[in-house]
Amino acid sequence: MIDKEYKRKVFDRHATTYDQHSSLQNKISDNLFKKLDLIEVRPNLILDLGCGTGRNGIIMKEKYQNMRLINYDFSVNMLQEAKKNEHKILGNKSEFVCGDIEELSFSENTFDIIWSTSCLQWCNNLSDTFRKIQASLKPGGLFIFSTFGPNTLFELKNITKKISNYQKTNDFIDTLSIEGMLVNEGFINTVIDSEEFCLTYKDINKLFLDLKNIGATSGFENKKIGLSGKSYLKLIIDGYKEYSFNGIFPATYEAVYGYAWNSDDK
């Protein structure tokens, strides 16, 4: 289980460093926008779930100039950064709501598009989250998202589980399970695909720094169990040698992309 209060504090702490270390997340978002470009939709109201520092919302406002946007995130500091970034580029044109994705409380039939990128992995009950998203969409509304699949950081997952007997990285849900959840919650015409990215590091500490500065460290409730500190880090570095080649350390990410429609018969 993800410890939500712990993750909220982590994201609050690293809101000001997120944009300096989020090149992968930005690439994934750009790829999701390419998919959105192929879909004919004219939204009046869009919800950006897990808006972070607001980059995607700014692109949305430039893409659909006459629509309203609600930026939604459970980190107050992330929302503050989003407000600052939007004000610099567009002026204050959006709305901002602080809340947990798993506790959506918008009225039914509200949004034309619900967008979410690189944050659904922090949900403890993804199926229930899909149900609430479906309820918040208008009939015929679009849910478009990205998240991370099971191959994400498999190197680090294998190493930490081996040396501590506890899993220290998050669980990620596969594409077939995600599609099944969407269908079960009433979505239609689902489209799911995935691709892998391999980031490389000459210094494994840089990988940990990148994860830390976007707030992407494990959120498990058992995170404090097992080894920690410098001795633990040394064991990870030693274990990572199994995956390194010519002094280069890989970090694999599986990006999952999807979109689905709410039924017109809702």
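The values are calculated or read from the model by the stated rules, or taken from the named source; none is laboratory data. Just so it is clear, the model here is predicted, and its values are computed rather than measured. Cβ coordinates were reconstructed from backbone atoms using ideal geometry, including for glycine residues, and neighbour counts include every protein chain displayed.
What the table shows:
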| item | result |
| --- | --- |
| Which listed residue is crowded, with 16+ Cβ neighbours inside 10 Å, in contact (Cβ under 8 Å) with a residue 40 or more places away in the chain and under 15 Å from Arg8 (Cβ atoms), from Met78, Met60 | Met78 |
| Residue in region 90-109 that is among the aromatic types (Phe, Trp, Tyr) and either more than 16 Å from the chain's Cα centre (by Cα) or closer than 14 Å to Asp48 by Cβ (or both) present | yes |
| Some residue of region 181-199 being part of a strand (DSSP E or B), among the hydroxyl-bearing types (Ser, Thr, Tyr) and closer than 18 Å to Ser23 by Cβ | no |
| Counted residues, region 211-256 - those being assigned to a strand (DSSP E or B), at pLDDT below 80 and farther than 14 Å from Lys157 by Cβ | 0 |
| Count of region 111-129 residues which are among the aliphatic types (A, V, I, L, M) and over 17 Å from Lys4 (Cβ atoms) | 2 |
| Residue in region 33-53 that is nearest to Asp112 (Cα to Cα), counting only those that are at pLDDT 95 or above and basic (Lys, Arg) | Lys35 |
| Breaking point among (1) in contact with a Cys (Cβ under 6 Å, 6 or more places away or on another chain); (2) assigned to a loop (DSSP other than H, G, I, E, B), for Ala82 | (2) |
| Residue match in region 9-27 (condition: part of a helix (DSSP H, G or I), modelled with pLDDT under 95, over 19 Å from Ser75 (Cβ atoms) and not hydrophobic (A, V, I, L, M, F, W, C)) | yes |
| Pairs, first modelled with pLDDT of 90 or more in region 145-172, second charged (D, E, K, R) and crowded, with 16+ Cβ neighbours inside 10 Å, C-beta under 7 Å, six or more apart | Phe148/Glu254; Gly149/Glu254; Pro150/Glu254; Asn151/Glu254; Thr152/Glu254 |
